[in-house]
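Okay, structure first, notes after.
The values are calculated or read from the model by the stated rules, or taken from the named source; none is laboratory data. The structure presented is a predicted model; accordingly, all values stated were derived computationally and were not measured. Reconstructed Cβ throughout: ideal geometry from the backbone, glycine too, with neighbour counts over all protein chains shown.
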């Protein structure tokens, strides 16, 4: 069995740690800082870091890669179309990669960055800064249409898929979700649960795609109430779901 846990980094990042208890090998996803990973390895003698999975090139996701590779001789997997330090395995859309005996599908999900990828293994999604709990990433490089298409691709995965994004943004994202859908009972219920978790200093991840479809405005652009709010904010008739998304993302940027 592979166990998945989180190593906190910086103020709100999570480095996902995959542990294979049979082989005592582990892998990490988006290690922006090497220190939490090296500290874990020091606290767990006999374990070795075999693989590093990267979703995109931003420093808070790749800052620790070279040190970890030099220290642990791990294999670095990352998007082919971005500059990733120490990358050994350049991955493109629809590639597959074997990590700790698990096969991951590689999904191109441009928007936050142009070369952003996600890793999917049945029931598990490591999506970097594309899909967040109750939100999505900012559009630093891509277009609203690209990000909308990427989110729709992720939303088409099985609803019980666990969503492992890389930031603890859930509480602030839910404040925006409530502004978009003040009458959404699922959002209100999630706000209460997340508020309690954060008050107890507990993480709010992973999420599930089923929960995101009920509470994440960026996956709910086809809902009449969401379109109406987006139209109201942008003062125009957003005629397509991607246009609704674009208005929501612009609104969130200034929220």
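Of 94, 81, all but one fail to be free of Cβ contacts under 8 Å to residues at least 60 places away in the same chain and over 24 Å from residue 167 (Cβ atoms); the exception is 94.
Regarding residue 245, is this residue surrounded by 14 or more Cβ atoms within 10 Å (Cβ to Cβ) and in contact with a helix residue (DSSP H, G or I) (Cβ under 8 Å, 6 or more places away or on another chain)? So residue 245 passes the test. Of everything in region 216-247, what is in contact with a strand residue (DSSP E or B) (Cβ under 9 Å, 6 or more places away or on another chain) and not in a loop (DSSP other than H, G, I, E, B)? Give them in sequence order. Residues satisfying the conditions are 217, 218, 219, 245.
Among the residues making up region 116-130, a single one is surrounded by fewer than 23 Cβ atoms within 10 Å (Cβ to Cβ) and either under 18 Å from residue 149 (Cβ atoms) or not assigned by the TED database to the domain that holds residue 159 (or both): 120. Each residue in region 194-207 was checked for being surrounded by fewer than 13 Cβ atoms within 10 Å (Cβ to Cβ) and either part of a helix (DSSP H, G or I) or in the same structural domain as residue 17 (by the TED database) (or both), and 2 pass.
Scanning region 27-51 for residues that are buried (at least 17 other Cβ atoms within 10 Å of the Cβ) and closer than 29 Å to residue 171 by Cβ turns up 27, 28, 29, 30, 31, 32, 33, 34, 36, 37, 40.
Here is the figure for region 124-144: residues that are in contact (Cβ under 8 Å) with a residue 60 or more places away in the chain, closer than 15 Å to residue 93 by Cβ and part of a loop (DSSP other than H, G, I, E, B) total 1.
Scan region 181-190 and tell me whether some residue there is loosely packed, with under 15 Cβ neighbours inside 10 Å, touching a helix residue (DSSP H, G or I) at 6+ places or on another chain (Cβ under 6 Å), in the same structural domain as residue 210 (by the TED database) and modelled with pLDDT of 95 or more. Checked against the condition, which is being loosely packed, with under 15 Cβ neighbours inside 10 Å, touching a helix residue (DSSP H, G or I) at 6+ places or on another chain (Cβ under 6 Å), in the same structural domain as residue 210 (by the TED database) and modelled with pLDDT of 95 or more, region 181-190 yields at least one hit. Of the set (1) closer than 29 Å to residue 7 by Cβ; (2) in a loop (DSSP other than H, G, I, E, B); (3) in contact (Cβ under 8 Å) with a residue 12 or more places away in the chain, all apply to residue 183 but (1). Note on region 153-164: residues that are touching a residue at least 40 places away in the same chain (Cβ under 8 Å) and not in a strand (DSSP E or B) total 8.
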